[in-house]
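Quick note: the coordinates plus some simple rules give every number you see, no bench work behind them. Since the structure is predicted, the reported quantities are computational estimates derived from the model, not experimental observations. In this analysis, Cβ positions are derived from the backbone assuming ideal geometry, glycine residues included, and neighbour counts consider all displayed protein chains.
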Amino acid sequence: MAGQEALGRVLNIIPIAAGKPFRLRNASCAMVCVTGATAAPTLNERQTFGGADTALPVIKTVYWATATDGTVAWNKLILAAAVSTFTNGTTTGLTTAVMTVFHVFTSQLSDPFAYLNVVMGAGLATVVLTDLTVQRGPANLEILGA
């Protein structure tokens, strides 16, 4: 059997991320996957886990699909201006989207902000932290929501 396990080596995952602030300290990127025909994510940053949300308008490129089961190709939408929120089904270019993905890079957070919070008006959000800067066994990964 060939291959390597990814969890702890190149990624960490938060399957149910909506409204759950998480630290983006030991990764280069957070990939946010949103599902739902009317999903409405709002991206916020925080200085601390229990701190106040501040809108983070860095969403510029959105990948989207018309199915959530891998049976259709991804499409790419480049927004005219960076935003902190959009809505599947109504935002121009996303009227038939039921699944969208956008990326947030650690370099896009304002100093001294260290946490992201994806608030959902509708739909579900999953976050995959990628390009881990510290590799650990899964049991030794940092607890992100603290």
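For the chain, modelled as a Gaussian network with Cα springs under 10 Å, which listed residue fluctuates most, SER84, SER28, SER107?
SER107
If I take every Cα pair under 8 Å that is 6 or more residues apart in the chain, average their sequence separation and divide by the length, what percent do I get for the relative contact order?
Values: 353 pairs, mean separation 67.0, N = 146.
Rounded, it is 46 percent for the chain.
Residue by residue, what Karplus-based ³J(HN,Hα) values in Hz, rounded to whole numbers, does segment 53-60 have, using 6.51, -1.76 and 1.60 with θ = phi - 60° and x for Gly and Pro?
For segment 53-60, the Karplus-derived couplings read 6, 10, 4, 10, x, 10, 6, 10 Hz, x marking Gly and Pro.
Under unit Cβ charges (Lys, Arg +1; Asp, Glu -1), what dipole magnitude, rounded to 20 debye, does segment 11-134 have relative to its Cα centre? Write out the running numbers ahead of the final one.
Working: 6 positive and 5 negative charges, 9 e Å.
Roughly 40 debye, rounded to the nearest 20.
GNM, the chain, Cα, under 10 Å: largest mean-square fluctuation among ALA73, ALA52, ALA37?
Residue with maximal mean-square fluctuation among ALA73, ALA52, ALA37: ALA73.
What is the Rg over Rh value, at two decimals, for the chain, using alpha-carbon atoms and the Kirkwood definition of Rh?
0.97
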